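Structure record follows, encoded as structure tokens.
Read-outs: derived from the displayed coordinates by stated rules, not from any lab. Since the model is a prediction, treat every value here as computed from it, not as a measurement. Cβ sites come from the backbone with ideal geometry, for glycine too, and all protein chains shown count toward neighbours.
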Ligand SMILES: [Fe+2]
């Protein structure tokens, strides 16, 4: 398996040695003498794996590792920390900053090759999952593309719901789930015929039943992907209401999963503030007033709604740049 490897070490002889051993294995090797240079190289062309010395000038390897593991788009690159023989403390700190494996200096050739191989195998597996994620995200966006009036809806839901999620202190995994849900929450509409999906007049009771099934179909489509597990409750329950009159499960109050409640606020707000063939876009104040009426009717979570109103009034919601968002998606 030919891979790109970045070797980061301030000692030239060590860089040369590791480069030679890895090239013998058929890998393409780049090297950097300090963490700043390494950061630049990783930013411009992320490698498949990084061998990182702990002791580096300016910024040490542990700090660089912590920075990489905090970035969503880089955190899956395996990092092998290279430590001195007696520096057990470095290993403990390496584990804390998210290092994937360790090598001790002087590096044993066979150990190096074995560790690199095993991590590359794991990387291949996560890359495959990542590609599957992207396929589903693209599929989700293609549902939106059927109706030009909803263009950008996914992206705005993702941004608004993440903003609300951050305000209530949700952890990073939940923010990620909200971002994905913005694109895939209606993916089940793929199983709803266009004659119903795009029907101009009111739907019959039977047609409504089919339309409502998009929550269950969506959950079924995404269930096989392990990385989508936190997103499933959002997909299934994004049409529940606080009074139990929603679907598919008729959940009430806090029975409705928190992330679904967060996304609902973003979803409704965006639907109200966007122009559709049958209605004009409401202003921010008018949309929030309308939502307040629906909160009073026990449809949406009152606490989340008041936090969202506060963000919208005091801090302003994030500006949406469609081209930029599409770029971000392409690079994930
Ligand atoms: Fe939906």
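Report the convex hull volume per residue for the chain, counting only C-alpha atoms, in Å³.
Values: hull volume 51.2 nm³, N = 332.
So the per-residue hull volume is 154 Å³.
Go ahead and estimate [θ] at 222 nm for the chain from helices alone: -39,500 (n - 2.57) per DSSP H run with n ≥ 4, summed, over the residue count, rounded to 500.
On the way: 15 runs with 181 residues, N = 332.
Estimated from H runs of four or more residues: -17000 deg cm²/dmol.
Expressed as a rounded percentage, what relative contact order does the chain have, with Cα pairs under 8 Å and six or more residues apart?
Working: 458 pairs, mean separation 37.1, N = 332.
Relative contact order of the chain: 11 percent.
Based only on other Cβ atoms within 10 Å, what is the fewest-to-most ordering of 42, 217? Let's see the in-between values first.
Working: 42 21, 217 18.
Least to most surrounded, the residues fall as 217, 42.
Give the order of 273, 83, 303 when sorted by the count of other beta carbons within 10 angstrom, beginning with the fewest. Write down the numbers at each step before the final one.
Values: 273 19, 83 23, 303 10.
By the 10 Å Cβ count, ascending: 303, 273, 83.
To make sure I understand, if each residue's beta carbon is the centre and we count other beta carbons within 10 Å, what order do 200, 59 fall in, fewest to most?
Numbers: 200 6, 59 14.
Starting with the residue having the fewest Cβ neighbours, the order is 200, 59.
Calculate the all-directions average of the projected area of the range 4-127's alpha-carbon convex hull, and give it in nm². The partial results should precede the final answer.
Numbers: hull surface 27.1 nm².
Over all viewing directions, the range 4-127 projects a mean Cα-hull area of 6.8 nm².
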